[in-house]
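Single-structure report; data block below.
Read-outs: derived from the displayed coordinates by stated rules, not from any lab. In this text, all values refer to a predicted model and were calculated from it rather than measured experimentally. Please note: Cβ atoms are built from the backbone with ideal geometry, for glycine as well, and neighbour counts cover all protein chains shown.
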Amino acid sequence: MNTKLPIIVIAQFFCTSAWFAVNAVMKEILVQLNIPIANLAHLTTAVQLGFILGTLVFASLSIADRYSPSKVFFVSALLGALFNLGILIPEINFSIAFAFRVATGFFLAGIYPVGMKIAADYFQAGLGKSLGFLVGALVLGTAFPHLLKSLSLGLNWSIVLLSTSALSVIGGLCIFVLVPDGPYRKAGQGFQLNAFLSGFKIPEFRSAAIGYFGHMWELYAFWTFLPLILERYLLLHPIHHFSVSFWSFCIIATGFISCAAAGIASQKRPPRKIALLSLMVSGVCCLLTPLMVSQPSTFLLFLFLFTWGFSVVADSPMFSTLIAGSVPNTIKGSSLTIVNCIGFSITIVSIQLLRFLIGNHHSIETLLPLLAIGPIVGIATLVKGTAISK
């Protein structure tokens with residue numbers, strides 16, 4: 001059974017590459033399609049919007065609980081790959097391109113949370129470890145476009161789309177052929193429209209979910225604005241020179257190590273305590289940003305950013321472990337999915353808030369302490385709540 005985990009992790013990374021990798025060539029896509037660069041942010045957030053819509057539909061219909069999660073993952077991977085290729089249609093306009101990116105995000109809702117459901121069906125004991133590696137795969141997917149850009153591969157943007165779609169198909173096939181439904185799976189009891197909300201009646205679930213929402217307020221905003229932090233540092237200290245894209249990749253990718261380490265540690269330590277420690281460290285990093293960007297030492301800057309990149313995502317698999325362990329098996333898939341839906345909705349709010357404030361001539365380092373709101377909420381909820389998973 002342990003051989004299933006590497007397959008699930010690899011499949012998760014392959015399939016989520018369609019989510020993030022195209023961002024590395026998004027400007028080239030807009031230029032090639034004669035779409036105004038001003039629409040860059042809209043096209044980038046289209047996948048997020050599609051994912052939110054998809055998670056809402058998947059959760060409300062209890063898809064991952066009523067049907068085979070492995071088959072749901074496979075079909076979603078194929079459809080996600082297909083819509084990912086939609087932008088290759090000649091003379092496509094912005095509205096259609098936007099719709100294809102939304103559709104791609106929609107079917108990613110059948111990959112990321114469903115992948116966690118598949119892992120939960122195989123690993124009731126040591127679930128935190130498996131989810132640690134699974135979330136780590138998503139982290140690598142997030143970092144991947146920065147690596148592509150830093151290497152200056154010079155690939156035509158269509159090759160990137162073809163490659164990510166091919167990876168998605170391969171990942172879906174890996175799950176369908178090699179990872180059948182797990183031994184702990186229990187099918188949902190028919191269609192219940194409000195089943196995905198029933199977990200919020202459970203105090204342990206509610207506590208973990210709110211903590212996760214606080215974590216998401218910070219996480220994607222940090223990942224989104226990390227290149228701006230590095231660019232701002234270079235502007236304030238022109239004596240220094242380094243590759244923003246390469247170091248953005250390294251800092252984000254270190255989250256894979258922290259997720260894996262948190263997952264392994266959860267076999268001996270309660271996931272709630274690991275999540276609490278992670279929130280405390282990343283929350284302090286939010287508050288220290290103005291000081292660390294203004295000081296001249298690159299060693300201290302990178303030590304600070306790697307600490308932040310390590311801690312900001314280590315709690316993610318721990319929250320998923322707490323959530324999965326607090327609800328019955330019959331609603332586990334829907335519960336994980338709806339929490340993802342709300343969490344990713346929150347990421348749009350925090351990202352757009354910072355973008356608005358930056359547009360009003362606020363410097364990035366003075367705004368990032370606002371992200372500490374998320375860790376503070378998460379810490380308060382975990383301290384007060386009873387969400388404990390062994």
Quiz item: In a GNM of the chain with a 10 Å cut-off on Cα contacts, which of L56, L88, L368 has the highest mean-square fluctuation?
Solution: L88
Quiz item: With +1 on each Lys and Arg Cβ and -1 on each Asp and Glu Cβ, how big is the dipole of the range 198-384 about its Cα centre, in debye rounded to the nearest 20?
Solution: 560 debye
Quiz prompt | Cα-based Lys pair tally, the chain, threshold under 20 Å, eight or more apart or on separate chains | solution = 24
Exercise. Answer with one residue from I364, H240, P328: the one whose Cα lies farthest towards the positive end of the charge dipole of the range 198-384, charges on Cβ with Lys, Arg +1 and Asp, Glu -1.
Key: P328
Practice problem: Treating only the Cβ atoms of Lys and Arg (+1) and Asp and Glu (-1) as charged, compute the dipole magnitude of the chain about its Cα centre; round to the nearest 20 debye. | Solution: 960 debye
Practice problem: Work out the charge dipole of the chain with +1 on the Cβ of Lys and Arg and -1 on the Cβ of Asp and Glu about the Cα centre, then indicate which of N84, I10, L131 is farthest towards its positive end. | Solution: L131
Exercise. Beta carbons within 10 angstrom, averaged per residue: use that to sort the peptides 157-164, 276-283, 313-320, highest first.
Key: 313-320, 276-283, 157-164
Quiz item: How do 209-217, 344-352 rank on mean C-beta neighbours within 10 Å, highest first?
Solution: 209-217, 344-352
Self-check item: 14 Å cut-off, amide nitrogen to a point 7 angstrom out along I239 Cα→Cβ, residues in the range 286-324
Solution: 295-300
Self-check item: Prolate/oblate/rounded call for the chain, Cα gyration tensor, a/c under 1.5 rounded
Solution: oblate
Self-check item: Listed residues T224, P290, Y212: farthest to the positive end of the dipole of the range 198-384 (Cβ charges)
Solution: Y212
Self-check item: Exposure proxy order (Cβ contacts within 10 Å, fewest to most) of F144, F356
Solution: F356, F144
Quiz item: Which order do peptides 93-104, 59-70 fall in by mean Cβ count within 10 Å, highest first?
Solution: 59-70, 93-104
Quiz prompt | Globularity ratio of the range 198-384, using Cα Rg and 2.2 N^0.38 Å | solution = 1.06
Exercise. Starting at the first residue of the range 45-50, write each ³J(HN,Hα) from the Karplus equation 6.51 cos²θ - 1.76 cosθ + 1.60 with θ = phi - 60°, in whole Hz, x for Gly and Pro.
Key: 7, 4, 5, 4, 5, x
